Every structure is written in structure tokens, then in C-alpha cells.
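Bear in mind these aren't lab numbers, they're just calculated from the coordinates by the rules spelled out. Owing to the predicted nature of the structure, the values given are computational and were not obtained by experimental measurement. Using ideal geometry, Cβ is built from the backbone for each residue, glycine included, and neighbour counts are taken over all protein chains shown.
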Amino acid sequence: MSRRFSLWLLTTGGLGWLKPGPGTWGSIPPVLIALLLVWIWLPAWMIDLTLLLIGLFFSIVCIRFGEVAEQAFGKKDPSEVVADETAGVVLPLLFLPWIFPLEADTLAWNASLALTAFVTFRFFDITKIPPANQLQSLRAGWGVLVDDLVAGVYALIVTQLLVRALYPALPFFS
């Protein structure tokens with residue numbers, strides 16, 4: 001595979017070149033894909049499976065081409081590489097209680113689910129709460145990827161707690 005194509009994959013189709021906040025840009029595609037799949041009424045298990053495949057694909061990209069990225073950009077875990085964010089944000093998007101069919105209130109509900117997953121992931125990705133910050137020292141692609149997967153696990157837990165405990169109590173959704 002050419003170096004140019006591997007960098008294109010690592011930057012999630014070039015999103016890693018966007019400023020400010022390339023990690024934020026790289027986190028958006030799985031969120032939009034999840035919302036699209038909800039919009040076309042795909043069953044929740046198929047949404048989760050699709051997201052898992054996206055996460056797996058971009059995880060493999062990070063592991064396989066992490067050294068290429070570090071050589072190309074001359075630093076460890078370069079900000080232009082956002083495939084790790086694309087993989088990590090998948091985790092808090094899993095197992096959400098999507099509501100079908102789409103109507104005005106269910107559209108708002110589903111958008112709030114996706115937004116909660118996105119915001120919690122970005123929070124944990126940016127803050128790098130231990131052990132996430134130490135994991136960046138892993139070799140090549142593993143150091144690029146694993147801290148984002150840890151952020152994704154943290155975000156998954158917090159998103160599920162918020163969605164299952166707090167949201168049903170909100171008057172708009174009851």
C-alpha cells in the first residue's frame with residue numbers, strides 16, 4: 001500500500017488536516033453514520049455491528065500504519081492522525097437505546113444520544129485521564145490507538161450512565 005494512501009486512511013480521509021481540533025473532526029464520521037443508520041431504521045444490533053466494524057477497521061489502520069505516520073510527521077501520535085479518534089468514538093455509540101420511528105421528539109432523543117456519546121468521548125480523549133496518558137508511550141501504532149480506546153471505554157461508561165439514569169427523568173423525553 002502506498003504511503004500516500006496509508007496517510008489518507010490515518011487522517012480519516014483527510015479530516016486530520018482540518019483545523020482547529022483535528023481530533024474533533026476525526027470523531028464526527030461514526031456519529032453521523034450512527035445517526036444515518038437510525039434514520040433509515042436499521043435495527044439497533046445492526047447499528048452496533050456496523051460501528052464495531054468501523055472501529056475495528058480504523059484500529060487496524062492505526063496499528064498497521066502508525067510507524068508510517070510517526071515517520072511522516074516526525075513525532076509520536078501526530079495530531080493529523082485521527083483514525084484513532086474515529087475508532088475510539090465508536091465505543092460510546094454502542095448499545096444506545098435508539099428510538100424508532102423517527103418523529104420530532106424521537107429525532108431529538110436520538111440526536112441527544114449521539115451528542116452525549118460524542119461530547120463524553122471528546123472530553124476523555126482531550127483530558128487523557130490515567131492510564132490513557134501513559135499508554136501513548138506504547139510502540140508506534142499501539143501508542144497512537146490505545147489511549148483513544150481507553151477514552152472510548154470511559155466515555156461508554158459515562159454515556160450509558162447518563163442515558164440510562166438522567167435522560168429518562170427529563171420532562172422532554174418522558
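Observations on the model:
- Per-residue Cβ neighbour counts within 10 Å put 103, 85 in the sequence 103, 85, beginning with the fewest.
- Principal axis dimensions, largest first and in whole angstrom, of the chain by Cα: 52, 32, 28
- Using C-alpha pairs under 8 Å with a sequence gap of at least 6, the mean separation divided by the residue count of the stretch 113-166 gives a relative contact order of 42 percent.
- Mean Cα-pair separation over length for the chain, i.e. relative contact order, pairs under 8 Å, 6 or more apart, %: 26 percent
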